[in-house]
Amino acid sequence: MQHQTCRTWKENLMQTAFAMLISLQFLIILLHDLVEIPGWSHSSQVQAVLGKQKLWAATLINSIFPGIAAAFAWYFWNRQRPAYVDRYWLIYCAVTLLSAVAMWYLPYFLGASDVKKNEYQRFYAGTHQILPARGNNPRPNLLHVIFHVVFAATLSLAFLINTRLI
């Protein structure tokens, strides 16, 4: 009986942590290119490069999948979840983290085209940096590094939920 109580407590804690992180991830995807925070997020620079309509379209499209993941987290709160929900979370979180690696760390370590370097420079000029420069390769700013930590933590929890290791 005590083992069951402990397991339920761990599952509830993991469910709470995942719901909070996936909701934060949804808000990050939804708002990070729309909110202007000097030194952290320069949405006006992104809008100047992409244009207002393209920025809003990309934001709405990119928010669909994390929105579904967050909606599942709250809808299935303290309920039995179908297996497809756990799989959706795992696949979505893996794709998100892999996309961040492809968009940020491959160009940082391996370089990027001059067009891509120029675009990143125009988007993120004047934002806080913590990673050392690697020539003139694009590098993730501090805000994006924080986002990527959230993505990795969310993927870790999705993996644990999916494999029932906790």
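The values are calculated or read from the model by the stated rules, or taken from the named source; none is laboratory data. Keep in mind that what you see is a predicted model, and the values were worked out from it rather than measured. Quick reminder, even Gly has a Cβ in these numbers, built from the backbone with ideal geometry, and neighbours come from all protein chains shown. The area values use the complete protein model at the heavy-atom level, side chains included, leaving out ligands, DNA and RNA. Shrake-Rupley method; radii C 1.70, N 1.55, O 1.52, S 1.80 Å.
Note on region 91-150: along the principal axes its Cα atoms extend 33, 23, 18 Å, ordered by decreasing extent. Applying both filters, DSSP loop and at most 13 other Cβ atoms within 10 Å, to the chymotrypsin sites (Phe, Trp or Tyr not before Pro) of region 38-120 gives TRP77. 3J(HN,Hα) along region 35-52, derived from phi through the Karplus expression 6.51 cos²θ - 1.76 cosθ + 1.60 where θ = phi - 60°, amounts to 9, 9, 10, x, x, 10, 9, 10, 4, 5, 5, 5, 5, 5, 7, 8, x, 4 Hz, with x in place of Gly and Pro. Taking a sphere under 14 Å around the Cβ of ASN162 and counting the other residues whose Cβ falls inside, with K and R at +1 and D and E at -1, yields a net charge of +1. In terms of Cα to Cα distance under 16 Å, which lysines are near enough to LYS10, apart from those fewer than 8 places away along the same chain? Straight-line reach from LYS10, under 16 Å: no lysines qualify.
Per-atom-type breakdown for the chain gives carbon and sulfur 67% of the accessible area (1.4 Å probe, protein chains only). Over all pairs of different C-alpha atoms, region 33-116 has a mean inverse distance whose reciprocal, the Kirkwood radius, equals 15.5 Å. For the chain, the spherically averaged projection of the C-alpha convex hull amounts to 10.9 nm². In whole Hz, with x marking every Gly and Pro, tabulate ³J(HN,Hα) for region 120-128 from phi via Karplus 6.51 cos²θ - 1.76 cosθ + 1.60, θ = phi - 60°. Rounded to whole hertz, the list is 4, 4, 5, 5, 10, 4, x, 8, 5.
With the simple spin-label model, which puts each label point 7 Å out from Cα in the Cβ direction, the VAL95 to ILE61 separation comes to 1.3 nm. Shape class for region 21-60, computed from the alpha carbon gyration tensor (a ≥ b ≥ c): oblate, with a/c not under 1.5 and a/b at or below b/c. Restricting the trypsin sites (Lys or Arg not before Pro) of region 4-108 to loop positions (DSSP other than H, G, I, E, B) with no more than 10 neighbouring Cβ atoms within 10 Å leaves ARG79. For the chain, the solvent-accessible area of protein heavy atoms averages 59 Å² per residue (probe radius 1.4 Å; ligands and nucleic acids excluded).
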